Amino acid sequence: MKVIVMGVAGCGKSSVGTAVAEELNARYFDGDDLHPQSNIDKMAAGVPLNDEDRAPWLDKVGAALAEADGATLVGCSALKRAYRDRIRAACPETIFAHLAGSRAVIEARMSKREGHFMPVSLLDSQFATLEPLQADEAGFAVDIAQEFGAVVTQMATRLAAGLGG
C-alpha cells in the first residue's frame with residue numbers, strides 16, 4: 001500500500017498521516033522534508049510555489065514512495081491532477097487520501113500551529129490551486145470537519161479495506 005495523504009496546508013496531513021500509519025502498522029513520512037531549501041524559503045516569505053518549483057519536489061516524493069519498503073503513507077499536498085500524475089508516473093500504485101475541509105476550518109487550524117514554515121497568508125493560493133480527485137483517480141476524500149479520531153478511523157478503515165477508489 002502506497003498512499004499520499006493530500007490536501008491544502010493545515011488540513012492535518014502530518015497528524016492524520018502519522019496516526020493512520022500507526023493504526024495500519026505502516027510507515028509515515030512528511031513530503032515537506034523533501035523540499036529543497038529554496039522552496040521552504042520561498043513559502044516562508046509568503047510567496048506561493050509555482051509548477052516549476054514543485055516539479056523536482058514531486059519527482060522526489062514519487063521516487064521516495066516507489067522505493068519505500070512495505071505500507072507507506074506520505075504527506076504531500078498533491079493539489080493538482082498534474083502533480084498527482086507526476087507522482088503516479090514514479091509510483092503507479094499510489095492511492096490518494098484527500099483531507100478535505102473548508103477554508104474556515106483549515107485557517108483556524110493553521111493559526112494555532114507553531115514552528116511551521118507555511119504562513120496562513122498562502123492558504124488562498126492553496127485553495128486556488130486545488131483540483132479535487134477525479135473519478136478515474138485511485139483515492140477518496142475524508143471530511144476533516146469531524147473529530148480527529150473519526151478522521152483517522154475513516155481513513156484507516158478505507159485503506160485497510162483496499163478502497164482506494
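The values are calculated or read from the model by the stated rules, or taken from the named source; none is laboratory data. As the structure is a computational prediction, the values presented were derived from the model and not from experiment. Methodologically, a virtual Cβ is constructed for each residue, glycine included, from the backbone with ideal geometry; neighbour enumeration extends over all protein chains shown. All accessible areas refer to the heavy atoms of the entire protein, side chains included, with ligands and DNA or RNA removed. Shrake-Rupley method; radii C 1.70, N 1.55, O 1.52, S 1.80 Å.
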Legend entry - Convex hull volume per residue in cubic angstrom - Cα atoms of the stretch 40-81: 89 Å³
Inset, instruction - From the P(r) of the stretch 1-98, can you give the percent of Cα pairs sitting at distances over 22 Å? - result: 22 percent
Legend entry - Accessible solvent surface per residue of the chain, calculated while the other protein chains remain in place, 1.4 angstrom probe, Å²: 46 Å²
Inset, instruction - Would you mind computing, in nm to one decimal, how far apart the modelled labels at Ser38 and Thr157 are, each placed 7 Å from Cα along Cα→Cβ? - result: 4.6 nm
Legend entry - Carbon/sulfur fraction of accessible area - the chain, other protein chains in place, 1.4 Å, %: 52 percent
Inset, instruction - Averaging sequence separations of C-alpha pairs under 8 Å and six or more residues apart, then dividing by the length of the stretch 12-88, give the relative contact order as a whole percent. - result: 42 percent
Inset, instruction - Enumerate lysine pairs in the stretch 1-157 that are 8 or more residues apart or on different chains, then count those whose Cα atoms are under 19 Å apart. - result: 8
Inset, instruction - Please report, in Å, the Rg and the Dmax of the chain, where both are computed over Cα atoms only. - result: 14.6, 41
Legend entry - Computed lengthening from Ala82 to Asp143, 0.36 nm per intervening residue step minus Cα-Cα distance: 19.7 nm
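Work out which GluC sites (Glu not before Pro) in the chain are exposed loop sites (DSSP not H, G, I, E or B, at most 14 other Cβ within 10 Å) and give the longest gap free of them.
1-92
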Legend entry - Label-to-label distance, nm, for residues given as Arg103 and Asp124 (7 Å Cα→Cβ offset): 0.7 nm
